[in-house]
Amino acid sequence: MLLKLSGEVFGGGKIGIDPDVVNGIARQVAQAVREGAQVAIVVGGGNFFRGAELSQRGMERSRADYIGMLGTVMNSLALQDFIEKQGIDTRVQSAITMGQVAEPYIPRRAMRHLEKGRVVIFGAGAGMPYFSTDTVAAQRALEIKADAVLMSKSGVDGVYSADPRTDASARRFDDLTFAEALRLGLKVVDAAAFALCMENNLPMIVFGMEGEGNIARVLQGERIGTLVHGDAGPHIGTTTGDAP
């Protein structure tokens, strides 16, 4: 499985890293690995910097994006530390060369680590500006031949017809196709990530971080959140739950 963790989660909604939150994530990842899952992780850096937001405030976009990439590496190293405290070997691979703290990103090496029961954390995004970590998560999942990409979200527990935080009539989908998600312009995940998964028939599960043990549950194959898939399958008429 390729698990995408948003940077905001690491800070518990604040700037920086909340050790208690990261330790909780590490415990859930370790639990899944002990039960046989092979887990790779892509982390965001929104608890430190967001390149797009910095560029809107006057910073040159490429430089702002590189600052954001460094934030993802800081999150990766923090998560590595807490996972290893759970007794699980972990490797950080960075798309930007920084040999003193991380391996270079090499897909076949990452796959070998996973086969040996290690967790692999991918930092520094794609190593290039203008790419979101959602898109990187889809790309890394495809390159290491993951069975699914798991998109964790803060404040929302799946894919909705509209933003449930601002639209009381929003409905959550149990499942839908990538084509439907793109046609409806659903923004919970970047369109480029949806498109990559659609073109390569890689299923995606979008789920909420909130809730006891949600990461472990989804890594262990429990059906939570929204399944987005490339088959004709169930259509957008299948929804569940009321908006919060």
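The values are calculated or read from the model by the stated rules, or taken from the named source; none is laboratory data. Everything numeric in this text was worked out from a predicted model, so none of it was measured. Glycine also receives a Cβ, built like all others from the backbone with ideal geometry; neighbour counts cover every protein chain displayed. Accessible surface is based on the protein model in full, side chains and every heavy atom, while ligands, DNA and RNA are left aside. Shrake-Rupley method; radii C 1.70, N 1.55, O 1.52, S 1.80 Å.
For segment 4-19, check the following and say yes or no: at least one residue is more than 24 Å from Ala141 (Cα to Cα) and hydrophobic (A, V, I, L, M, F, W, C).
Filtering segment 4-19 down to residues more than 24 Å from Ala141 (Cα to Cα) leaves 11-19.
Imposing the further condition that a residue be hydrophobic (A, V, I, L, M, F, W, C) reduces the set to 15, 17.
Yes - at least one qualifying residue is present in segment 4-19.
Keeping to segment 209-222, report how many residues are surrounded by fewer than 18 Cβ atoms within 10 Å (Cβ to Cβ) and under 16 Å from Val156 (Cα atoms).
Looking only at that region, the number is 4.
Suppose we filter Phe131, Phe82, Phe49 for residues that are modelled with pLDDT of 95 or more and hydrophobic (A, V, I, L, M, F, W, C); which single one remains? Steps first, please.
Details: Phe131 fails: modelled with pLDDT of 95 or more; Phe49 fails: modelled with pLDDT of 95 or more.
One residue alone meets the criteria, Phe82.
Where the second residue is surrounded by fewer than 19 Cβ atoms within 10 Å (Cβ to Cβ) and of a type in the set (Gly, Ala, Ser) and the first is in contact (Cβ under 8 Å) with a residue 12 or more places away in the chain and more than 18 Å from Ser152 (Cβ to Cβ) and lies in segment 189-201, which pairs have Cβ atoms under 9 Å and are six or more apart or on separate chains?
What qualifies is Met198/Ala179; Met198/Gly230; Asn200/Gly230; Asn201/Gly230.
Out of segment 76-97, which residues are assigned to a strand (DSSP E or B) and closer than 24 Å to Asp20 by Cα?
Thr90, Arg91, Val92, Gln93, listed by residue number.
Consider Gln38 against the criteria (1) crowded, with 20+ Cβ neighbours inside 10 Å; (2) part of a helix (DSSP H, G or I): it satisfies all of them except one. Which criterion is unmet?
Of the numbered conditions (1) crowded, with 20+ Cβ neighbours inside 10 Å; (2) part of a helix (DSSP H, G or I), the odd one out for Gln38 is (2).
Can you pull out every residue in segment 112-153 that is surrounded by fewer than 17 Cβ atoms within 10 Å (Cβ to Cβ) and in contact with a helix residue (DSSP H, G or I) (Cβ under 6 Å, 6 or more places away or on another chain)? Don't jump to the end; show me each part of the working.
Filtering segment 112-153 for residues surrounded by fewer than 17 Cβ atoms within 10 Å (Cβ to Cβ) gives 112, 115-117, 127-128, 130, 143, 145, 147.
Result: Glu143, single match.
Among what's in segment 41-73 and is among the acidic types (Asp, Glu) and either closer than 20 Å to Gly221 by Cβ or without any contact (Cβ under 8 Å) to a residue 24 or more places away in the chain (or both), pick the residue that is least open to solvent (accessible area, probe 1.4 Å).
Of the residues in segment 41-73, the ones among the acidic types (Asp, Glu) are 53, 60, 65.
In the following step, the residues that additionally are either closer than 20 Å to Gly221 by Cβ or without any contact (Cβ under 8 Å) to a residue 24 or more places away in the chain (or both) were identified as 53, 60.
On the way: Glu53: 105, Glu60: 87 Å².
So, considering only residues that are among the acidic types (Asp, Glu) and either closer than 20 Å to Gly221 by Cβ or without any contact (Cβ under 8 Å) to a residue 24 or more places away in the chain (or both), the one least open to solvent (accessible area, probe 1.4 Å) is Glu60.
Determine if segment 26-33 includes at least one residue that is open to solvent by less than 20 Å² (accessible area, probe 1.4 Å) and under 22 Å from Glu143 (Cα atoms). Full working, then the answer.
Here is the first cut: in segment 26-33, the residues open to solvent by less than 20 Å² (accessible area, probe 1.4 Å) are 26, 29-30, 32.
This time we only want the ones that are under 22 Å from Glu143 (Cα atoms), so: 29, 32.
Yes, segment 26-33 has at least one match.
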